[in-house]
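The values are calculated or read from the model by the stated rules, or taken from the named source; none is laboratory data. This is a predicted model, so every value here is computed, not measured. Here Cβ is always computed from backbone atoms with ideal geometry, including for glycine, and neighbour counts include all displayed protein chains. The accessibility values were calculated without ligands, DNA or RNA, using every heavy atom of the protein model including side chains. Shrake-Rupley method; radii C 1.70, N 1.55, O 1.52, S 1.80 Å.
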Amino acid sequence: MGHTLIVKSQVWRDESATQNFAQALASHPALRNAFIELRGDLGAGKTTLVRHLLRALGVQGRVKSPTYAVVEPYELPGLDVWHFDFYRFSDPREWEDAGFRDIFSSPGLKLAEWPDKAAGFIPKADLIIELEAMDDDVREVVLTAQTSTGQALLGSPLP
């Protein structure tokens with residue numbers, strides 16, 4: 001069954017806007033089994049968004065970028081979360097070799113930075129969040145829902 005793409009554009013004027021978006025997203029029931037791609041150049045705010053989202057979901061302690069580890073898992077009551085960073089992948093087959101297919105077939109939230117580095121191996125994202133830094137604080141954001149789960153996430157009012 002095909003789904004109509006839903007695209008929304010936003011401007012986040014400061015980091016508190018990023019935090020507000022993350023808190024709204026965290027409260028959505030459809031997030032529990034979503035796959036979200038985070039796209040943008042270095043410094044666009046992908047990891048900052050993930051940090052705010054994980055905090056809103058209840059992650060305590062340090063939230064670190066998985067740039068070197070490739071994936072950082074988080075176990076929350078009733079929710080498993082995996083934060084991927086494929087930046088260092090030189091061959092998309094590394095995704096398969098690392099056993100990530102099993103993670104993506106299991107329940108839980110998957111967040112992936114630099115998904116293009118694993119192109120052809122990762123499944124279609126429910127939601128794509130594209131971030132572009134306009135200056136030190138302002139981010140232009142494009143949200144694209146590609147599945148019914150993504151549509152549900154964008155169907156509720158997000159700041």
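Taken over segment 20-33, the criterion of being under 21 Å from Leu131 (Cα atoms), open to solvent by 30 Å² or more (accessible area, probe 1.4 Å) and assigned to a helix (DSSP H, G or I) is satisfied by Asn20, Gln23.
For segment 34-48, filtering for residues that are modelled with pLDDT of 95 or more and either open to solvent by 50 Å² or more (accessible area, probe 1.4 Å) or in a helix (DSSP H, G or I) (or both) leaves 1. Pairs linking a residue in segment 20-34 that is more than 15 Å from Gln10 (Cβ to Cβ) to a residue that is among the small types (Gly, Ala, Ser), with Cβ atoms under 7 Å and 6 or more positions apart or on different chains, are Ala26/Ala56; His28/Ser156; Ala30/Ala152; Asn33/Gly108.
Residues that are under 14 Å from the mean Cα position of the chain (by Cα) and of a type in the set (Gly, Ala, Ser) within segment 106-154 comprise Gly108, Ala112, Ala125, Ala145, Gly150, listed in sequence order.
Would you check which residues across segment 101-159 are in contact with a Ser or Thr (Cβ under 6 Å, 6 or more places away or on another chain) and among the aliphatic types (A, V, I, L, M) and list them? Give the steps one after another, and end with the answer.
Taking segment 101-159 and keeping what is in contact with a Ser or Thr (Cβ under 6 Å, 6 or more places away or on another chain), we get 126, 128, 142.
Residues satisfying the conditions are Ile128, Val142.
With respect to being closer than 14 Å to Ile36 by Cα and either among the polar types (S, T, N, Q) or in contact with a strand residue (DSSP E or B) (Cβ under 9 Å, 6 or more places away or on another chain) (or both), Lys64 falls outside the description.
Any residue at all in segment 78-93 that is open to solvent by 30 Å² or more (accessible area, probe 1.4 Å), touching a Pro at 6+ places or on another chain (Cβ under 8 Å) and not aliphatic (A, V, I, L, M)? Scanning segment 78-93, I find at least one residue that is open to solvent by 30 Å² or more (accessible area, probe 1.4 Å), touching a Pro at 6+ places or on another chain (Cβ under 8 Å) and not aliphatic (A, V, I, L, M), so the answer is yes.
Restricting segment 56-77 to residues that are modelled with pLDDT of 90 or more and touching a helix residue (DSSP H, G or I) at 6+ places or on another chain (Cβ under 8 Å) leaves a set whose member that is surrounded by the fewest Cβ atoms within 10 Å (Cβ to Cβ) is Leu76.
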